[in-house]
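Student: Got a structure for you, written out below as structure tokens; questions coming shortly.
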Amino acid sequence: MSKEPNELFDEISRLSTEQRNPKSTNIDLSSTAEILKIINDEDKTVPHAVEKELPYIEKAVEFIIKALKKGGRLLYFGAGTSGRLGVVDAAECPPTFGTDPEMVQGFIAGGPPAMFVAQEGAEDYEENGAIDVEKAKVTNKDVVCGIAASRRTPYVIGAIKKAKELGAVTLFITCTPRESFNVENVDIPICPYVGPEVVMGSTRMKSGTAQKLVLNMLTTTAMVKLGKTYENMMIDLQMTNKKLVERSKRIVMTITGVTYEEAIKYLEQAGWHVKTALVMILANVNVETAKQRLEQADGFVRKAINL
């Protein structure tokens, strides 16, 4: 149910994300250099806000790892900038970590067109979020993460409520103070409070940066813990373009010390699967044995080498 205009006005007026920043009051009178410094100085505060939320981000990652290991999914729901950030993070997982596109997904109020042209009215109704959750066939195996800088976005709240009804673990990333968090049905709220934006209410700025940092942490940490890296190199990447093909060769060369030509030879034998090529070289085994070892080691290259 939508709120009356006066009620909505009062609610928005109280939001921390809608307050004025005293450090940028005279930004319209400032020089270009001064404006850039104001923005840069404010951006510097964002990582510190995220740092305070690390214990909650850790709990969220543990839930995500547990879900993905059991065949569940990580699903983001957001509107506007927040929704776009979720879609971007999800879209980067397959090429970076070789995941199935179904494993991490992003949903935005207004659907795919909202990625390119604002569909602002789509976020105003909780039922829209609930409908998208039902369409995604959310179950108790999944983790559903709402993303809303203000925490009040009806679409996101509706998605979280419905996800909780269906038994999913629920997360919520918001840039409001933790003590003001009052969204029900949330297992883990993550609240990097970045303070008022340089331009009042423009949450694509510090709030968007904070949300992007948190999303990076959630998926990257989960994928590392699922064996998607060797040391700090991505070894489950999909070679969907020429850059990634060459990166794969370089990764094999860096880890094993083989030549460029040898890297190509092993990758060809391994069906261009980097993990398999690495185990073949480092354990000195054939392709079938390398695949068997990886299966026994749950995809962890270090374990597979030592079997």
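The values are calculated or read from the model by the stated rules, or taken from the named source; none is laboratory data. All of these numbers come straight from a predicted model, not from anything done at the bench. Cβ atoms come from the backbone with ideal geometry, glycine included; neighbour counts cover every protein chain shown.
Student: Considering only segment 217-257, state which residues are within 15 Å of VAL301 (Cβ to Cβ) and assigned to a loop (DSSP other than H, G, I, E, B).
Tutor: Selection gives LEU226, GLY227, LYS228, GLU231, ASN232, ILE235, ASP236, LEU237.
Student: Does at least one position in segment 87-107 carry a residue that is more than 23 Å from the chain's Cα centre (by Cα), assigned to a loop (DSSP other than H, G, I, E, B) and more than 21 Å from THR176 (Cα to Cα)? Spell out the reasoning first.
Tutor: In the first step, residues of segment 87-107 are kept if they are more than 23 Å from the chain's Cα centre (by Cα); the result is none.
Checking segment 87-107: not a single residue is more than 23 Å from the chain's Cα centre (by Cα), assigned to a loop (DSSP other than H, G, I, E, B) and more than 21 Å from THR176 (Cα to Cα).
Student: Of the residues that sit in segment 108-118 and are surrounded by 14 or more Cβ atoms within 10 Å (Cβ to Cβ) and either over 18 Å from LEU85 (Cβ atoms) or modelled with pLDDT of 90 or more (or both), which one is nearest to the chain's Cα centre (by Cα)?
Tutor: So, considering only residues that are surrounded by 14 or more Cβ atoms within 10 Å (Cβ to Cβ) and either over 18 Å from LEU85 (Cβ atoms) or modelled with pLDDT of 90 or more (or both), the one nearest to the chain's Cα centre (by Cα) is ILE108.
Student: Would you pick out the residues in segment 58-83 that are closer than 30 Å to GLY201 by Cβ and either crowded, with 22+ Cβ neighbours inside 10 Å or outside the structural domain of GLY158 (by TED's automatic domain parsing) (or both)?
Tutor: Correct list: ALA60, LEU74, LEU75, TYR76, PHE77, GLY78, ALA79, GLY80, SER82, GLY83.
Student: I've got another one for you. Determine whether segment 193-210 contains at least one residue that is aromatic (Phe, Trp, Tyr), touching a residue at least 24 places away in the same chain (Cβ under 8 Å) and either in contact with a strand residue (DSSP E or B) (Cβ under 7 Å, 6 or more places away or on another chain) or assigned by TED's automatic domain parsing to the domain that holds ARG20 (or both). Break it down into steps so the answer makes sense when it comes.
Tutor: First, pick out the residues of segment 193-210 that are aromatic (Phe, Trp, Tyr): 193.
With touching a residue at least 24 places away in the same chain (Cβ under 8 Å) added as a condition, the list becomes 193.
If we keep only those that are either in contact with a strand residue (DSSP E or B) (Cβ under 7 Å, 6 or more places away or on another chain) or assigned by TED's automatic domain parsing to the domain that holds ARG20 (or both) as well, we get 193.
Yes, segment 193-210 contains at least one residue that is aromatic (Phe, Trp, Tyr), touching a residue at least 24 places away in the same chain (Cβ under 8 Å) and either in contact with a strand residue (DSSP E or B) (Cβ under 7 Å, 6 or more places away or on another chain) or assigned by TED's automatic domain parsing to the domain that holds ARG20 (or both).
Student: Examine segment 157-174 for a residue that is under 25 Å from HIS48 (Cβ atoms), touching a residue at least 60 places away in the same chain (Cβ under 8 Å) and not aliphatic (A, V, I, L, M), and state whether such a residue exists.
Tutor: Looking for residues that are under 25 Å from HIS48 (Cβ atoms), touching a residue at least 60 places away in the same chain (Cβ under 8 Å) and not aliphatic (A, V, I, L, M), one finds none in segment 157-174, hence no.
Student: Quick one: which of LYS206, LYS161 is within 30 Å of ILE35 (Cα to Cα) and modelled with pLDDT of 95 or more? Break it down stepwise before answering.
Tutor: Numbers: LYS161 fails: within 30 Å of ILE35 (Cα to Cα).
That would be LYS206, the only listed residue that is within 30 Å of ILE35 (Cα to Cα) and modelled with pLDDT of 95 or more.
Student: Where residues in segment 258-276 are at negative phi and part of a loop (DSSP other than H, G, I, E, B), which of them is surrounded by the fewest Cβ atoms within 10 Å (Cβ to Cβ)? Talk me through it step by step, then tell me what you get.
Tutor: If we filter segment 258-276 for residues that are at negative phi, which is where we start, we get 258-270, 273-276.
Imposing the further condition that a residue be part of a loop (DSSP other than H, G, I, E, B) reduces the set to 258-259, 270, 273.
Working: VAL258: 17, THR259: 10, ALA270: 20, HIS273: 22.
For segment 258-276, the residue satisfying everything is THR259.
Student: A further question on this structure: Give segment 27-56 a look and list any residue that's over 15 Å from VAL194 (Cβ atoms) and either among the aliphatic types (A, V, I, L, M) or in contact with an Asp or Glu (Cβ under 9 Å, 6 or more places away or on another chain) (or both), or say none. Give the derivation first.
Tutor: Restricting attention to segment 27-56, the residues satisfying the condition of being over 15 Å from VAL194 (Cβ atoms) are 27-37, 54-56.
Within segment 27-56, ILE27, LEU29, ALA33, ILE35, LEU36, LEU54 qualify.
Student: Among the numbered criteria (1) crowded, with 22+ Cβ neighbours inside 10 Å; (2) among the aliphatic types (A, V, I, L, M); (3) over 23 Å from ASP100 (Cβ atoms); (4) assigned by TED's automatic domain parsing to the domain that holds ASN21, which one does VAL252 miss?
Tutor: (4)
Student: Moving on. List every residue pair whose Cβ atoms lie under 6 Å apart, where the two residues are 6 or more positions apart in sequence or sit on different chains, the first residue falls within segment 62-91 and is more than 19 Å from ASP124 (Cα to Cα), and the second residue, located anywhere, is part of a helix (DSSP H, G or I) and of a type in the set (Gly, Ala, Ser).
Tutor: ILE64/ALA222; ILE65/ALA222
Student: Turning to a different aspect of this structure: Scan segment 277-289 residue by residue and report those that are crowded, with 16+ Cβ neighbours inside 10 Å and not in a helix (DSSP H, G or I).
Tutor: VAL285
Student: Go over the candidates GLY208, GLY201 one by one and state the one that is touching a helix residue (DSSP H, G or I) at 6+ places or on another chain (Cβ under 7 Å) and not in a loop (DSSP other than H, G, I, E, B).
Tutor: On the way: GLY201 fails: not in a loop (DSSP other than H, G, I, E, B).
Residue meeting the stated conditions: GLY208.
Student: To continue, here is another question. When you scan segment 28-39, do you find a residue that is assigned by TED's automatic domain parsing to the domain that holds ALA130, among the hydrophobic types (A, V, I, L, M, F, W, C) and at pLDDT below 95, even just one?
Tutor: Step one: filter segment 28-39 for residues assigned by TED's automatic domain parsing to the domain that holds ALA130, giving 28-39.
Checking the rest, the ones that are also among the hydrophobic types (A, V, I, L, M, F, W, C) come to 29, 33, 35-36, 38-39.
From the residues that got through so far, the ones that are at pLDDT below 95 too are none.
No - not one qualifying residue is present in segment 28-39.
Student: Residue by residue through segment 164-192, note down the ones that are at pLDDT 95 or above and of a type in the set (A, V, I, L, M, F, W, C).
Tutor: Quick first cut of segment 164-192, residues at pLDDT 95 or above only: 164-175, 186-192.
Residues satisfying the conditions are LEU166, ALA168, VAL169, LEU171, PHE172, ILE173, CYS175, VAL186, ILE188, ILE190, CYS191.
Student: Can I ask one more? Output the number of the condition that GLY121 fails; it satisfies all remaining conditions of (1) surrounded by 15 or more Cβ atoms within 10 Å (Cβ to Cβ); (2) part of a helix (DSSP H, G or I); (3) not aromatic (Phe, Trp, Tyr).
Tutor: Looking at each condition in turn, GLY121 falls short on (1).
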